[in-house]
Amino acid sequence: MSEQRQILADTADRLFADAVTSRRIEGFDAKLWQQTIEMGLPLLLAPEADGGAGGDWDDAGAVLHALGHHGVPIPLAENMIAAQLAADAGLELPSGPVSLATRVEGALQQAGTRFDGKLLGVPWGRHADAILAVVPGHTVLLRRTDATSLRHAHNLADEPRDDLIFDNAPAVCGPASDGTQASHLLALARCAQISGALEAALHKSVEYAQTRKQFGRAIGQFQAVQQQLAQFGAEVAAAMCATRAACRAATRGDASFQIAAAKLRCNLAIGFATSTAHQVHAAIGFTREFDLRQSTQRLWSWRTEGGNDRAWADVLGARVCARGDQFWADLTARDDAVSLT
Amino acid sequence: MSEQRQILADTADRLFADAVTSRRIEGFDAKLWQQTIEMGLPLLLAPEADGGAGGDWDDAGAVLHALGHHGVPIPLAENMIAAQLAADAGLELPSGPVSLATRVEGALQQAGTRFDGKLLGVPWGRHADAILAVVPGHTVLLRRTDATSLRHAHNLADEPRDDLIFDNAPAVCGPASDGTQASHLLALARCAQISGALEAALHKSVEYAQTRKQFGRAIGQFQAVQQQLAQFGAEVAAAMCATRAACRAATRGDASFQIAAAKLRCNLAIGFATSTAHQVHAAIGFTREFDLRQSTQRLWSWRTEGGNDRAWADVLGARVCARGDQFWADLTARDDAVSLT
Amino acid sequence: MQTFHFDPVDLPPGIPAFRAEIRAFLAREMPRDYPAEQKANCWTVYDADFSRRLGERGWIGMHWSKTYGGHERSALERYVLMEELLAAGAPVGAHWIGDRQTAPAILRYGSESQKQRHVPRIARGEAFCCIGMSEPNAGSDLASVRTRAERLPDGRWKINGQKIWTTLAHRSHLIIVLARTSPADEKNRHAGLSQFLLEFDTPGLRVQPIVDLVGAKHFNEIFFEDCIVDAECLLGTEGQGWKQVTAELSLERSGPERYLSSIALFFELLRVVGPSPSESVRQAIGRVTAEIWTLRQMSLSVAGQLARGEDPYVEAAIVKDLGNVFEQALPPLVQALADDGIHLEQDSDFVRTLALLLQTSPSFSLRGGTREILRGIIARGLGLR
Amino acid sequence: MQTFHFDPVDLPPGIPAFRAEIRAFLAREMPRDYPAEQKANCWTVYDADFSRRLGERGWIGMHWSKTYGGHERSALERYVLMEELLAAGAPVGAHWIGDRQTAPAILRYGSESQKQRHVPRIARGEAFCCIGMSEPNAGSDLASVRTRAERLPDGRWKINGQKIWTTLAHRSHLIIVLARTSPADEKNRHAGLSQFLLEFDTPGLRVQPIVDLVGAKHFNEIFFEDCIVDAECLLGTEGQGWKQVTAELSLERSGPERYLSSIALFFELLRVVGPSPSESVRQAIGRVTAEIWTLRQMSLSVAGQLARGEDPYVEAAIVKDLGNVFEQALPPLVQALADDGIHLEQDSDFVRTLALLLQTSPSFSLRGGTREILRGIIARGLGLR
C-alpha cells in the first residue's frame, strides 16, 4: 500500500475505533459523520475540481475496510458512491448525507424534472438529505424531504434500510451511460466492508481462543481449534485479496468482472467465517458474543446486499460460458492491461 | 437384521472375502460366479415358483453390501435385477450370467421378436450370456452372441462396461409396466455396493491410522486426524442407513422416492469419504493405496452409475416442490404405511 | 464386522392413528397468530397453557411409569409425538427440558420422595424445569465447574456459585444444579461433583435474564448466594455428578430435535419458491430432501434401538453430529439461494425465519456437547482413542 | 493491525509482449496429439526435447545469475512463464523439479564447484532432477528419515537406505538426498540430518519404478546400498539438512502451480458444456471462476512480494492451502455436475481428464506439506502456537 494511502487508512481506522469505543450506538452517528466530512471522506471519490478529494477506489477500499472492521453506523460507502456518480453525471454534489438507491421502481417525468416511484431498502434513508438513484439512462438526485412516505426498515444488523415513495417529486438528473454501475459499486463497497468485518471477527475469535480456557488449557491450543481458525484465516485472506484486486481494477477502469468475482468470493467466505467465529465463541454464553455479533450480523446482511451468491454466480458463469476457450486469455488480459497503461 | 438374513450376509461376506484374498484378479471371476449360483444368489430376487430364491431387497441389500465391501468382479447385482424383472414380465429366467442394460437406444421389431439398436455401457457385457433391457412398455431379453458388435469399455475401476449393437436380432419380450424400474433398481443396487465399499475404505483408513506412525506417534492419535475420520465414519453411517431404508422400502412396494434420496445421499458421502481416505493414506507412498483404490475407484465409478448427484437432486427436488406443503405428511406417510400393512 | 448399526424400524400398527390424533390436536390447539420464526425455534417458546393441555392428554412423560404420573406408552409413540410437535413448530418450551431431561434424571437417580414429589407435577405440565450445568467461563468443560456445595453440620448443604445458559430459568420451577462437593483433583477432574435438585423459590437463589443475540430472553444467569438446602435435595449419589450428567447428555442425543429443530425454514422455503422453481433451486431442495430423509431414518433407527433396550451410543452421536451440521448449513444455503428480490428487511415469515436462524444456528452445536466432543465419541467408536 | 498482506501487483510493462512470445512458442512447439488428460498432470509429463527447447530460449533458470547459466530475468517474468506453461498443459515434467527446487537449493547452499558443475546443465535443459526426501513409512514426517550417511575415514560418505515418492527418478540425472549423519535425538528430532547431491550413475544407487494408482510410472523407489560418494557431494552444512529442506519446501509454496496444476479439467468442462449451459451448471462455473480469479490474485500478490525481496511466509501457506482445497474439490464437483449422458467409460478428452483427476487429486495435498502442516503455519501466523 502506498504511504499516503496507508496514512489515510490508519487515520480512518483510528477515527472509527474511537467512535466505537466511546459510544456504542445503534443508528446514525451524527458526530462521527461530521468528523468524516472534515477528513473529506464522503466526497473522497469525487474529483477535486468538483469539490471532492480526488481519491480512487484503492483509497476508498482502504477506508471502507476500516469502516467494516469497526461496524460504524454511517452511510459513508453510499455517500462516496453517490458523489462519484453525481460527478460523472455532471450533477452538483449535495452536501448532507447522501445515500444510494439501487432498487428503484419508477420513472422520471416532465423532461426529467419530476420523479414518480419507489426507492426500496435505501441505506440510512431516514438520515439522508438526498438520495442518488439510477433509472434507465439517467442519474437522479432526490431530496428525502420530498418523499411522500418513508417506511423504516432494517437489515439484520439494525442498519436502517428504508423504503421511500415519491409522488411527482422534484428531481435533478444527468446522463448515466451505464445503468449497472451503481449496483457494481455498491457491491464493491460491501466487499471492502465485508473484508473489514471478517478481519474483525477473526481477531475477536483468535483473541478469544488465546484467553479462553477449557479442559485445562486455552482452547487455541487444541489442534482442532487451530486448524479451524487457520481455515477461517485463509477465507478472510481470500476475501481481502479479492477485494483489493477489485478495487484496483475499479481504479483502472471497467471492473465489472472483478467486482462480480470479488463479491461472490466474499460471500462464500462469510459462510465459513461466521459459523467458525460463533463456534469458537460458543462456550462463553452471550456476553462476548455481543461484541462478535457487531461483525457477524453485518456480514450476514452484507452477503445479501449488493448481490447474493446465486445472483453473482449466474452473472459470472454466463459471462465465462459465453467466451468458452477464451477463459485464460481473458483472465490474464485483465491484469496485463495494467502493464500497458 | 433377522437371523436368517444375517446368516446370508455372513456367508456372502466370507465367500467374497475368500475370493479376494485368494486371487486378486481383474475382470470376471468365473469360479466365484459358480459358487454364487450354488448359493442361489444370482436368482435371489426371483420368486421360488420361477426357480428363484424368493428373497427380497433386504436380503439383496445385505449381499450386495458384502459384494461392494470386497470389490468382487462379478455381475451379481445386474443378474439379481434382471431375474426380478424377467419374472415380473413373465419371461423364463435365463441361466448363465445375465446383465442389465439401462441405456438403450433402439426398438423392438416384428411383433416383439426382433431388436434393432444399441445397449450402452452394459456391465460385464462381454461375460453375459444374456442381457435384459427395458424399452417403452416392454422388458426384452437378448443373447450376447446375437450382437453384431461388442465394444469393450471400462469404468474407472476397470469393471467392464461394454457397448453392444444388435441388428435385427432375435428377442424375447414381455410387458413392463414401469419403464423406470430398471434404473431405480440399478441405483439401489449401487447404493448397497457403495455402502459396502465406503465401509471397506473406512476400515482400511482406520486401520492405517492406527498403525502408521508420524512425528513419533500413530497418526490416529492426532486430534485433527481423529476428527476427520469421525466425519468420514458419520458419512459412511448415513450412506448405510439410507441404503438399508431404501432396501426396506423396495421390499414393501414403490420405493422411487427412497431410492432417489438414498442414491443422492450415497453420492454425497463418496466425495468426503474418498478424499479423506486418500488423505489419511497419503503419506504412505502407493503400496497400501493399491488396496484402498479397490474401494475408491469403484466408489468414483458408482457415483455416476445409476444416476449422478445432479440427476437425482433434480428428480427429488421436482417431486418435493410439486407437493409443496405436503412435504412432512408425505415423508411420514411413507414409513407409517409400513405399520398399516 | 459391521461398523455401525442402523437397522430400519417398523413402526408399530397404532402409529398412523396416533399421528392423526396429534395432528388434529395441533390443528385445534396451536396458538393463532403464532409467528413463523418462532416455529423455527419452538423448543424455546414458552407457553404454559399449551404445555398443560399436552399434560392433560398424557403427552408429557409418555413412557414413564404410571406410579409417578407417567403413561407407559411406547418409546416410539413418544418419538412420533416429538417429531410432530417439532415439525409443526408447536410451543413446547415450557415443558421441554422437564420431559426430556429432568424427570428422566429424577426417575433414574432420585429418591422415592423426589420422584413422588416432582415427577407427577412435571407430567401434568405444571412444573417446568431447567438445566444448571454450564458456568461463565466453563462452557462445555463441565469438569471445571466452580459452584460449590458444602455440607453443613446438620446435614444440609450450602451452595455458592453461578450458572449460565439455563434456558427459560426465569419461568421455571425446578433446576438440577451440578456443584463441586469435594476439592478439584487435577488427576481425576471429574471426581467430586454432585447434582442437586432445587426449587426456584429456595432462598439464596436468584435469576437474572440475559438478552441474547436476537434480543430474546431465553438465557439466564442464576446466582447461588449462601443458598441452603435440605440434605434430600442431593440427587443420586454424592460425588457421582459427572457420571449422572454424562448419562443425561446422552439422553439428549437421540431425538428428532437433532435435525427438526429449525425445519420451519425449509418449509418456508418450499412455500416461497412454489411448485416449479428454477433448476438450481430445485436441485438444492433435492439435496436437502435427501439429507432430511436420511437423518429421519437414522434418528428413527436409533429410537427403535432404544425402544428395544439397546444402547446405540456411537450411532446417537453420529445422528447428532450430522444433524448439527445439517442445521447449521441450512440457513446460509437458503440465504445464498434466495432470490435477489428477497431482501432481509422485508417483513415476511420467510425472511424473519431466515434472519433468526442465520443468527442462532452457529451455536446449535452447543446443544448437548460440542462438535469436537461428538466426533471424539465417534472416533472412539472406530477404535481410534 | 493488518492480518495478512496481499497488496495487488502491477505487472511490469514488458509482460504482455512476453506473454505473447510464450503463447507463440507454445502454439509452435507443443507436441501434436498430446492427450488432454496429460495436460491436467503436465508437471509430471516428461518430454526431454521440449525441456531442451525451453532451455535454448532461456526459459529455465530465468532469474538465476548469468554466472551459472541463468538469465537474470525478473521473478514476475518467471511467474508468467510458469502460469502460461501450466495453463497450456505443456509437458514440463523433465525440468520442473530442477528449475523449481534443485538448482535454487544448489545456488543457495552449494559449493562453488557444485554450482558450476550442475546449474548450467540444468538451465540448458540437459540435466533433470528429482527429490529424495520421503521414505517408506516416513511420509511428510521428514524428521523420521532413516537413510544413513556415514563418514568414512578418507572423508567420503557411505549412504544406505531407501527413498520413495521421487517423481520421474528413473529418467533423472541428479538427486538431492536427505540422510541422517548423526544418531536420532528424541529431544531434537530435526538435528543430525544432512543433504547430499548425487548423480544417478553413482554405484550403489538403484532405481525401481512403482506403478501408481492410474497405472503410470511417475514414482519410484530408490535404493542406496553401500553407495559411496565423495566428500564434496555434501550439500550445504552437515547437520543443517532439516533447515535447508524447510527452506526448499517454502520455495515450493508460492507458485501458480498451486491452483493451475489441473486447470485443464475446468477448460474441458467449459468446452463440453458450451456457451449456454443450464442454470445450475452456469452458476457452478461462476463460483469456480470466482475462486480461480481470487487464487490467481493471491498467488500473483505473493509473487510480487517475493520479487520485492519480502518473505510472505504465512501468505504463501494460505495460497497453497486454498489452492489444494480448490484442486481437490474440483473433480468431484465436476463429476456431480456432468450430464447424465456423460459416462466415464466414454472415450472423450473430458472424461479421461476427469477420470485421471478423480483418482489423483486426493493426494495433491501432499505436495510440499500436508494440509495439517500448512494450517499449523497459518495458525502460528495468527499467534495461536
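Readers should treat all values here as calculations from the given coordinates under stated rules, not as data from a laboratory. In this text the structure is predicted, and so the values were computed from the model without any measurement. Virtual Cβ from ideal backbone geometry, glycine too; neighbours counted across all protein chains shown.
Worth pointing out:
- Shielding by partners for peptide B:302-315, expressed as the average number of C-beta atoms from other protein chains within 10 Å of each residue's C-beta, is 6.
- Computed over the protein assembly as shown, the per-residue total of -39500 (n - 2.57) for DSSP H runs of n ≥ 4 gives a 222 nm mean residue ellipticity of -16000 deg cm²/dmol, rounded to 500.
- Position B:N168: other-copy label points at 8.4 nm, ordered by increasing distance, label point 7 Å along Cα→C-beta.
- In the assembly of identical copies, C:T67 has its label point, taken 7 Å from Cα in the direction of the beta carbon, separated from the corresponding points by 9.3 nm (ascending, one decimal).
- Cα-based Lys pair tally, chain B, threshold under 30 Å, eight or more apart or on separate chains: 5
- Panel values: region A:3-175, Kirkwood radius from alpha carbon pairs, Stokes-Einstein at 10 °C and 1.306 mPa s, translational diffusion coefficient 97 µm²/s.
- Stokes-Einstein diffusion for region D:15-127, with the hydrodynamic radius set to the Kirkwood value over Cα pairs and evaluated at 25 °C in a medium of 0.890 mPa s, equals 173 µm²/s.
- Ranking of C:E84, D:E37, D:E225 by count of other Cβ atoms within 10 Å, fewest first: D:E225, C:E84, D:E37
- For chain D, the longest principal axis of the C-alpha atoms and the axis of helix D:112-123 are separated by about 30°.
- Legend: calculated FRET efficiency, A:Q35 to C:D33, from the Cβ-Cβ distance at R0 = 51 Å, rounded to 0.05, equals 0.65.
- Beta carbon of chain B nearest to the axis of the rotation taking B to A, residue and angstrom distance: B:Q223, 2
- Compared with the dominant principal axis of the Cα atoms in chain C, helix C:15-29 is inclined by about 90°.
- Shielding by partners - mean other protein chain Cβ count within 10 Å, residues of C:304-317: 1
- Taking the DSSP bridge list for the protein assembly as shown and keeping only pairs wholly inside it, about 85 percent are antiparallel.
- Mean separation of Cα pairs under 8 Å and 6 or more residues apart, divided by the residue count, gives region C:15-127 a relative contact order of 35 percent.
- Looking at chain C alone, DSSP beta bridges between its own residues are antiparallel in about 80 percent of cases.
- Counting Cβ atoms of other protein chains within 10 Å of each Cβ in D:372-381 and taking the mean gives 6.
- Evaluated at q = 0.04, 0.07, 0.09 Å⁻¹: base-10 log I(q)/I(0), Debye formula over Cα of the protein assembly as shown: -0.27, -0.86, -1.38
- Seen against the Cα atoms of chain B and their longest principal axis, helix B:181-211 is set at about 20 degrees.
- Label 7 Å beyond Cα on the Cβ vector: C:E150 copy-to-copy distances, nm: 7.0
- For region B:50-146, a Kirkwood hydrodynamic radius built from all Cα pairs, placed in the Stokes-Einstein relation at 10 °C and 1.306 mPa s, yields a translational diffusion coefficient of 113 µm²/s.
- Highest GNM mean-square fluctuation among B:K204, B:K118, B:K213, for chain B modelled with Cα contacts below 10 Å: B:K213.
- Charge tally in the Cβ shell below 9 Å around D:A169, where Lys, Arg are +1 and Asp, Glu are -1, D:A169 excluded: +1
- P(r) weight above 20 Å for region A:158-299, C-alpha pairs, percent: 56 percent
- Residues D:W43, B:W328, sorted so that the one with the fewest Cβ neighbours within 10 Å comes first: B:W328, D:W43
- Mean shadow area of region D:253-381 over all directions, Cα convex hull, nm²: 8.4 nm²
- Efficiency of FRET between A:A329 and D:H63 - r from beta-carbon atoms, R0 22 angstrom, step 0.05: 0.30
- Reachable lysines from C:K158, criterion Cα separation under 27 angstrom, eight or more residues apart if same chain: C:K115, C:K187, C:K243
- Size check on chain C: the Cα extents along the three principal axes, sorted descending, read 73, 48, 47 Å.
- A Cβ-based charge dipole, computed about the Cα centre of chain B with Lys and Arg at +1 and Asp and Glu at -1, lands at about 1120 debye.
- Whole-angstrom gap from region C:118-135 to region B:146-163, using each part's C-alpha centre: 66 Å
- Between A:F272 and C:E56, the modelled label-to-label distance comes to 5.4 nm, taking each label 7 Å out from Cα in the direction of the beta carbon.
- Shape box of region D:280-331 [Cα atoms, principal axes, largest first, Å]: 44, 16, 12
- Residues B:Q4 and C:E126, FRET efficiency given R0 of 56 Å [Cβ-Cβ distance, rounded to 0.05]: 0.65
- The ranking of C:F223, A:F232, D:F18 by Cβ neighbour count inside 10 Å, starting from the fewest, reads C:F223, D:F18, A:F232.
- Taking only Cα atoms of chain A, radius of gyration then Dmax in Å: 20.6, 74
- For the peptides B:299-307, C:325-333, the ranking by packing is B:299-307, C:325-333, with the highest mean count of neighbouring Cβ atoms within 10 Å listed first.
- Cα→Cβ-extended label distance, 7 Å offset, between C:E199 and B:R217, nm: 5.0 nm
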